[in-house]
Structure formats: structure tokens, C-alpha cells
Amino acid sequence: MTTFEILTSTFSAVTIIFLAAGLILTIKQLTKISDQIKQGSLIHSQNHKWNRMIASQEALFNYSSLSETQELIKEFNILNRKEPIPLSEIQIKFDQKPELQNYSHKLLNLYEGLARGIHHGVYEEQIIKDARKTVMKKIFNSYRSYIEHRRSDNHKSAWTEFESIVNKWHYEDSSTEFKEKTGNI
């Protein structure tokens, strides 16, 4: 073997070693980048959840500042009713005090907005549920006859998301969790 062939073989071997080392470093760098992307995605997900929680709290604060609710509670006793308010009673009260219809729509629209926010991932469902589940169920039930009346009167989608979330929570409350059987039968 000549000196030129030895140098060429040596140079080729060194080149292969450098290429292998470069490939190993590239793989390590790509792994680190992949881990950083995963970590960044996790942080983004956590930030998104945190922002949804903050938005949920702000939405609940907007409810607590709704002063008209007290008037509705006084006029319709909406939180203590077991049955829906009869439509005739609602219409009589709306005729006597037209602002009650505006207050009622404002309250129903607020809950529709909370439900829509839950369905679209804007609000954290558990926070809204923990804070307002019982009240939302009572209010929907109290206004059921009025809501059905509005739907039959060219407002077919009126407060459907509100109804959907209330029904979901009702189903979750009433569903029975079955345990696996133990042993062989």
C-alpha cells in the first residue's frame, strides 16, 4: 500500500468518524428541541387553562354585579320554585312591569353566555359548575315555560346552550356509577 493510499484511507476513516459524531450531535440536538417543544406546549396548555380559569372567575363576577336579579327573585321567587313559572304568570308580570322582561332576558342571556363559553372552551366548566350549578338549574327550570314559548315564537335556538349544560349537569348528578364485580360468578 502506498503512502497516498494510506493517507486517503486515513482521511476517509477520519471523515466517517466526524460524520458519525456530527450525526450523533444532530440527533441529540433534535431530541433536545423536541423536548423543548413538548415543554413549551405543556406551558402553553397550562397558561391556556389558567386564562380560562381567570375568564371564568370574571364571568362569575359579572353575574354577581347583576342587580336586576334581586328584582326577579322578588317578583317570581325563581330560586325557591319546584315547578316552572306558569307562562300566564310571567306574561302578567311582564305586562305590569315591562322591565322584568328585559331583566329576565339579561339573566337568561348571561347563563347562555356562560354555557357557550364552557362549550367553546373559553370558560373552565368546573369553576362555573361549582359556583352556579344549583342556581342555573333552578333558573332554567323556573323559566322553562317561557323559554319554550319563545322557541315556538320564531326563536328556535333561544337559550339552547344554557339548556344543554343544565341537562348535562343534571344527568351527571343523577347517573349511577357502577363498580366492577369482584370474584368470578
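One table, with the values for the structure above:
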{"quantity": "Compactness of segment 13-118, expressed as Rg and Dmax over alpha-carbon positions, Å", "calculated": "29.4, 97"}
{"quantity": "Helix axis angle, 160-174 relative to the chain longest principal axis, alpha carbon, degrees", "calculated": "80"}
{"quantity": "Relative contact order, percent, segment 77-153 [alpha-carbon distance under 8 Å, six or more residues apart]", "calculated": "61"}
{"quantity": "Largest to smallest principal axis extent of the C-alpha atoms in segment 67-172, angstrom", "calculated": "39, 29, 24"}
{"quantity": "Sites GLU89 and HIS119, calculated FRET efficiency, Cβ-Cβ separation with R0 30 Å, nearest 0.05", "calculated": "0.45"}
{"quantity": "Nitroxide proxy distance, nm - points 7 Å out along Cα→Cβ at GLU148 and PHE61", "calculated": "3.9"}
{"quantity": "Acute angle (nearest 10 degrees) that the helix 99-119 long axis makes with the longest principal axis of the chain, alpha-carbon atoms", "calculated": "20"}
{"quantity": "Cα Rg over Rh - segment 81-125, Kirkwood", "calculated": "1.15"}
{"quantity": "Distance between segment 98-130 and segment 31-96 - C-alpha centres, whole angstrom", "calculated": "5"}
{"quantity": "0 to 90° range, to nearest 10: angle between helix 125-142 axis and the chain longest Cα axis", "calculated": "20"}
{"quantity": "Counting all C-alpha pairs of the chain, share separated by more than 20 Å (%)", "calculated": "69"}
{"quantity": "Leading residue at positive end of dipole, segment 1-119 (Cβ point charges), from LEU42, GLN91, SER9", "calculated": "SER9"}
{"quantity": "Once exposed loop GluC sites (Glu not before Pro) are cut out (DSSP; at most 16 other Cβ, 10 Å), longest piece of the chain", "calculated": "1-176"}
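Coordinate-derived values only; no laboratory data. Treat the numbers as computed from the prediction; the structure is a model and nothing was measured. Cβ: placed from backbone, ideal geometry, glycine included. Neighbour counts: every protein chain shown.
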